[in-house]
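Structure first, then comments.
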Amino acid sequence: MRLIFRVVLLVTCVGVIYFGYLGGVGKPWEGDSLAYHLPIAKIIADGRIGDRAALSNNLYFYPGIGEALVAVMMRLGVPLNLYNLLGWIALGGVVLKLGKIAGLKSEEAVVLAGAVVWWPSVVRLVLTQTVDIWLAVFWVLAVIWLEKGGQGWKYWGVLGIWLGAILGIKYSGVFYLPILGAFYWRRFWECRKDWGWLVVTVPILVIGGSWYGRNLLLTGSPMWPAGWGPWKGATGFKMLEWNPAKTAINFPGKFGEAMISEYLIWPILGFWAVWRGSKWGWLGLFNWGVYMILPSWPENVVSDLRYGYVAMIPIVIAIWKWARAAGRIGDVAVLAMAAVAVEWAQLDFRPKIFVGVMLFGWIFWGRKKWHF
């Protein structure tokens, strides 16, 4: 395990250097980023989030907590392609923490986190301004806080911030919050004491609910351009006509191939983890149910699997917990290292970067002991 831990950690550190260089010198390029993520960020940076004239495209009404971070980078002059690199690093950190909370040893949790951040579906977004990585970060932070438990206004206030961020970063947060509420209802029941319910609710409404309130006031639908319940959406908005569930039914081979392409071996092992009744497996399964009803067209099935991060993360944790209980943690760690190697091999060779990497690697491997 120590060797695998070192390899995965070294490769991930190389990834930070690699993507840091590309993010620092590159310009935004990805389609969705240019179409609405960056325009939303510009609207926020200009202080026009309530200006109907600035919201000239229906897609600009999407919740903007993720784009608010991009707006800060715009104002500070930070290269925008570093946005998801920061999210990538944060994702590794929070998954590592959650793995330790779930009962893994430190080295095992590092390998778990490395396996997650090197999923092809994650790596593809590192140099973009899409918000899916950050949704996963906020979701994992909320789960960490719920697992941790606590009392007092500080605890409930911080939890409210993470839950509000989930609600305020994508419309899918509307579905993920009730699932967390169902799985952690005992924890939420505790907030009835000492006005905890108010402390947790205020940031949820301010950080997350305010975007829906703005949309309701300006368009008549809180989830514009989509319709929801009694609220009508934009005329001609057809994104809700298809979803991953329909793709899986009508094109099962294509859907299965995309799953392996984006998450490698983990979906196959995930079926086993869910079947064994793990809490983490069931949490992932319910989140996967949300993914299956989100808007997605068959031609986008590969790229849209990024919507499944908050489902696959708990499923993978369930796999690792089963492996630890069954004495197969070494086998799973080897699979994780192999999966990381498969994706890492896809990176372009950059001589200037790898000269520095070789020096870092020499220092890293030359140490007699590695304290984590």
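The values are calculated or read from the model by the stated rules, or taken from the named source; none is laboratory data. None of these values were measured; they are calculated from a predicted model. Note that each Cβ is placed from the backbone with ideal geometry, even for glycine, and that neighbours are counted across all protein chains shown.
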For segment 145-160, what are the residues that are crowded, with 18+ Cβ neighbours inside 10 Å and either in contact with an Asp or Glu (Cβ under 6 Å, 6 or more places away or on another chain) or within 22 Å of Tyr309 (Cα to Cα) (or both)?
-> Trp145, Leu146, Leu159, Gly160
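Taking segment 212-242, which residues are surrounded by 18 or more Cβ atoms within 10 Å (Cβ to Cβ) and part of a loop (DSSP other than H, G, I, E, B)? Please lay out each step first, then the result.
First pass over segment 212-242, keeping only residues surrounded by 18 or more Cβ atoms within 10 Å (Cβ to Cβ): 212, 214-215, 219, 221-226, 233.
Ser221, Pro222, Met223, Trp224, Pro225, Ala226, Gly233 - these are the residues of segment 212-242 that are surrounded by 18 or more Cβ atoms within 10 Å (Cβ to Cβ) and part of a loop (DSSP other than H, G, I, E, B).
In a loop (DSSP other than H, G, I, E, B) and not polar (S, T, N, Q): does that describe Lys27? First the steps, then the outcome.
Numbers: in a loop (DSSP other than H, G, I, E, B): yes; not polar (S, T, N, Q): yes.
Answer is yes for this residue.
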Which one of Val310, Val357 is surrounded by 13 or more Cβ atoms within 10 Å (Cβ to Cβ), modelled with pLDDT under 95 and under 30 Å from Tyr21 (Cα atoms)?
-> Val357
Does segment 270-281 contain any residue that is within 27 Å of Trp162 (Cβ to Cβ), crowded, with 18+ Cβ neighbours inside 10 Å and modelled with pLDDT of 90 or more?
-> yes
Six or more apart or on different chains, Cβ under 6 Å: which pairs go from a residue in segment 187-211 that's in a helix (DSSP H, G or I) to one that's among the aromatic types (Phe, Trp, Tyr)? Could you list them?
-> Cys191/Trp156; Cys191/Trp197; Gly196/Trp156; Val199/Trp153; Val199/Trp156; Val200/Trp156
Just wondering, is there one or more residues in segment 100-118 that are in contact (Cβ under 8 Å) with a residue 12 or more places away in the chain and under 24 Å from Pro178 (Cβ atoms)?
-> yes
Tell me which residues, restricted to segment 284-304, are under 18 Å from Val140 (Cα atoms) and touching a residue at least 40 places away in the same chain (Cβ under 8 Å).
-> Phe286, Asn287, Val290, Tyr291
Scanning segment 58-77 for residues that are among the β-branched types (Val, Ile, Thr) and surrounded by fewer than 19 Cβ atoms within 10 Å (Cβ to Cβ) gives Val72
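Taking segment 171-194, which residues are within 12 Å of Gly160 (Cβ to Cβ) and out of contact with any Phe, Trp or Tyr (no Cβ under 8 Å at 6 or more places or on another chain)?
Leu177, Phe188 - these are the residues of segment 171-194 that are within 12 Å of Gly160 (Cβ to Cβ) and out of contact with any Phe, Trp or Tyr (no Cβ under 8 Å at 6 or more places or on another chain).
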Would you check which residues across segment 243-269 are among the aliphatic types (A, V, I, L, M), modelled with pLDDT of 90 or more and surrounded by 16 or more Cβ atoms within 10 Å (Cβ to Cβ) and list them?
-> Ala248, Ala258, Met259
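Determine whether segment 78-88 contains at least one residue that is free of Cβ contacts under 8 Å to residues at least 24 places away in the same chain and surrounded by fewer than 24 Cβ atoms within 10 Å (Cβ to Cβ). Quick ask: steps written out before the conclusion?
Our first condition is that a residue be free of Cβ contacts under 8 Å to residues at least 24 places away in the same chain; within segment 78-88, this holds for 78, 86.
Those left that are additionally surrounded by fewer than 24 Cβ atoms within 10 Å (Cβ to Cβ): 78, 86.
Checking segment 78-88: at least one residue is free of Cβ contacts under 8 Å to residues at least 24 places away in the same chain and surrounded by fewer than 24 Cβ atoms within 10 Å (Cβ to Cβ).
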